[in-house]
Amino acid sequence: MQKILLVEDEKNIILGVKTCLEVANYQVLVVEDGEKAIETAVNERPDLILLDLMLPKIDGFTVCRELKSKEETKNIPIVVLTAKVEEESRRRAMEAGADSYMTKPFRPEELWQEIKKFIV
Amino acid sequence: MPLENYELIFREIPEAVILTDMECRILACNTLAEELLGTKGEDIRGRRIQAFLNSPPLMNLLDEAVMFARVPALNHENSVIELNIRGKRKYYKVSMKLFELQDPKSKTLLFTLTDITIIKEMEQHKTDFFAVASHEFRTPLTSIFMGVGMIKSGQLGQITPRGKEILEAIESDCTRLLQLANNLLDLSRMETGWISLELEDVSVYDVINAALATLKLQAEHKNIALYTKLPSDLPLVRADVNKIIWVVTNLVGNALRYTEEKGSIIVKAIRKGSRVIFSVADTGKGIPDTYHEKIFQKFVQIDGGTGGAGLGLAICKEIVEAHGGEIWLKSELGKGSTFSFSIPVGRG
């Protein structure tokens, strides 16, 4: 079973996204701040990371940069899930090494489709 | 009134007023202008204005005025200049006038700078607010879309047909909320000149086809004939393709909402001189005369309408005008409405 790390601090979104992923047979790990995101990614080596940008402690851009600079996590695809629709944020996230950028809100099918681009 | 009083009035006008000759040498300026130039108490008559104001856009305007002895066309964009006044960023609106002095007889340039910093700041607050509001809408909408989508898929347990209907209604209303949030954001950005157009030469056929592709199904669903009438020799237009597609989509979307079953919608485009005129004509119930002017304003809704927020047409107008075009409506009650807009032809 493939493992997805969901980094998100909104309880209701966690519920929806987690359900959506579990139904599609993914194992889901959830952390709610940037610090735990880095720690968990290093220890658990998920197959994909879904990353919110506005997070407690360390923001998503920094998390992204950190993970992409570490040997053990640099190959894990990162899909940013964010309410920031500004072009500037997208550019910054891609520069920080994100593999894809999805703006909220999205529907279950859209999320599945995006994930399938990176893991089978 | 004695002449001295006029001089006093000139000095105290609550705007910066500067008078120069046709070589931009200062002839006179009032108290506020001296403050702005940072020359209070100095005699700066005869010195060139460039020595005191560091603003290339303003200098371009002045150069143009004195070179062609004609006031340049001022618009919302080129007439607002940014100055750094004692470390603070301030915005001024420039007005100009050329006229002949009596004694000695010579041409003069008079220009005023009106401090509009507070208006600029308010515009910025508004844009910031919409950005925050749009963001705050997106977060709860995500959990609603995800939750409804998951339940609707049946993967969490069986649902009844009525249950499914309700979920679909929730989804469609959430889509409406999302559109509202998007529109508010777009509109506020456009008003503050945030959205710059990416102009290129674009095929009218491509624009119309792209817009209609997303709406054909809706038309079929409602049993409305949606077709185009396009001459085969239309020139390219100079446009931001995505924004023009947005305008056409919005106009046709409105037509679909207000046209009854078995009605028809025709999308046309014709060349008229250096412009291409797009039009969307429907056989809906028409729009009363009283709305023809104000329908392009924000938050205007027609009584008995279908409950949009009244932003779509305001955005259409912003987009079309940013292209240097115009948008208008012709409508007759009971017969239908035709929305038209013009866009300059391409350069190619």
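Quick check: anything in the range A:28-50 at the interface with chain B (Cβ under 10 Å from one of its Cβ atoms) and touching a helix residue (DSSP H, G or I) at 6+ places or on another chain (Cβ under 8 Å)?
no
Please count how many residues of the range B:145-157 are at the interface with chain A (Cβ under 7 Å from one of its Cβ atoms) and either among the β-branched types (Val, Ile, Thr) or closer than 15 Å to B:Asp173 by Cβ (or both).
Number of matching residues: 3.
Since B:Asp186 meets every condition but one in (1) within 14 Å of chain A (Cβ to nearest Cβ); (2) farther than 30 Å from B:Gly346 by Cβ, which condition does it not meet?
B:Asp186 satisfies every listed condition except (2).
Kindly evaluate A:Glu8 against the criterion of being acidic (Asp, Glu) and under 16 Å from A:Glu114 (Cβ atoms).
Considered against the rule, which asks whether it is acidic (Asp, Glu) and under 16 Å from A:Glu114 (Cβ atoms), A:Glu8 comes out as yes.
Need at least 3 residues that are of a type outside the set (D, E, K, R) per element, so show me which strands (runs of 3 or more DSSP E) inside the range B:197-297 make the cut, counting only ones lying wholly within it.
Correct list: B:225-229, B:264-272, B:275-282.
Within the set of pairs 6+ apart or on separate chains, which have a first residue in the range B:101-129 that is over 30 Å from B:Met22 (Cβ atoms), a second that is modelled with pLDDT of 90 or more, and C-beta atoms under 6 Å apart?
Note: pairs meeting the criteria are B:Thr117/B:Lys90; B:Thr117/B:Tyr91; B:Lys120/B:Tyr91.
So B:Val202 fits all but one of (1) touching a residue at least 12 places away in the same chain (Cβ under 8 Å); (2) under 24 Å from B:Leu311 (Cβ atoms); (3) of a type in the set (A, V, I, L, M, F, W, C); (4) more than 13 Å from chain A (Cβ to nearest Cβ); what number is the exception?
The number of the failed condition is (2).
Out of the residues in the range B:57-76 meeting the condition of being loosely packed, with under 15 Cβ neighbours inside 10 Å and closer than 14 Å to B:Tyr92 by Cβ, tell me which one is modelled with the highest pLDDT.
Top of the filtered list is B:Pro57.
Determine which member of the set B:Ile85, B:Ile116, B:Ile26, B:Ile44 is within 26 Å of B:Glu321 (Cα to Cα) and surrounded by 14 or more Cβ atoms within 10 Å (Cβ to Cβ).
B:Ile116
Within the range B:130-144, how many residues turn out to be farther than 15 Å from B:Ala169 by Cα, among the aliphatic types (A, V, I, L, M) and without any contact (Cβ under 8 Å) to a residue 40 or more places away in the chain?
Here the count works out to 1.
Out of (1) facing another protein chain (nearest Cβ under 9 Å); (2) under 22 Å from the mean Cα position of the chain (by Cα); (3) hydroxyl-bearing (Ser, Thr, Tyr), what's the single condition that is false for B:Thr142?
So B:Thr142 meets the others, but not (2).
Do the conditions hold for B:Arg25, that is, is it at pLDDT 90 or above, among the basic types (Lys, Arg), touching a helix residue (DSSP H, G or I) at 6+ places or on another chain (Cβ under 9 Å) and more than 28 Å from B:Glu123 (Cα to Cα)?
yes
Only one of B:Ile265, B:Ile270, B:Ile224, B:Ile287 is closer than 30 Å to B:Ser188 by Cα and not polar (S, T, N, Q). Can you tell me which?
From the options B:Ile265, B:Ile270, B:Ile224, B:Ile287, the qualifying one is B:Ile287.
Got at least one residue in the range B:186-193 being within 30 Å of A:Gly16 (Cα to Cα) and not hydroxyl-bearing (Ser, Thr, Tyr)?
Among the residues of the range B:186-193, at least one is within 30 Å of A:Gly16 (Cα to Cα) and not hydroxyl-bearing (Ser, Thr, Tyr), which makes the answer yes.
Yes or no, residue by residue, for (1) out of contact with any strand residue (DSSP E or B) (no Cβ under 7 Å at 6 or more places or on another chain); (2) closer than 30 Å to A:Leu15 by Cα; (3) at pLDDT 90 or above; (4) within 14 Å of chain A (Cβ to nearest Cβ):
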site	(1), (2), (3), (4)
B:Ile85	yes, no, no, no
B:Val94	no, no, yes, no
B:Glu123	yes, no, no, no
B:Val132	yes, yes, no, yes
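Please state which of the following conditions B:Thr108 fails to meet, knowing it meets all the rest: (1) touching a strand residue (DSSP E or B) at 6+ places or on another chain (Cβ under 9 Å); (2) within 19 Å of B:Asn60 (Cβ to Cβ).
(2)
Going through the range A:73-89 one residue at a time, which ones are over 16 Å from A:Leu5 (Cα atoms) and at pLDDT 95 or above?
The answer is none; no residue qualifies.
The values are calculated or read from the model by the stated rules, or taken from the named source; none is laboratory data. Keep in mind the model is a prediction, meaning the values are calculated, not measured. Don't worry about glycine lacking a Cβ; one is built from the backbone with ideal geometry, like all the others, and counts go over all protein chains shown.
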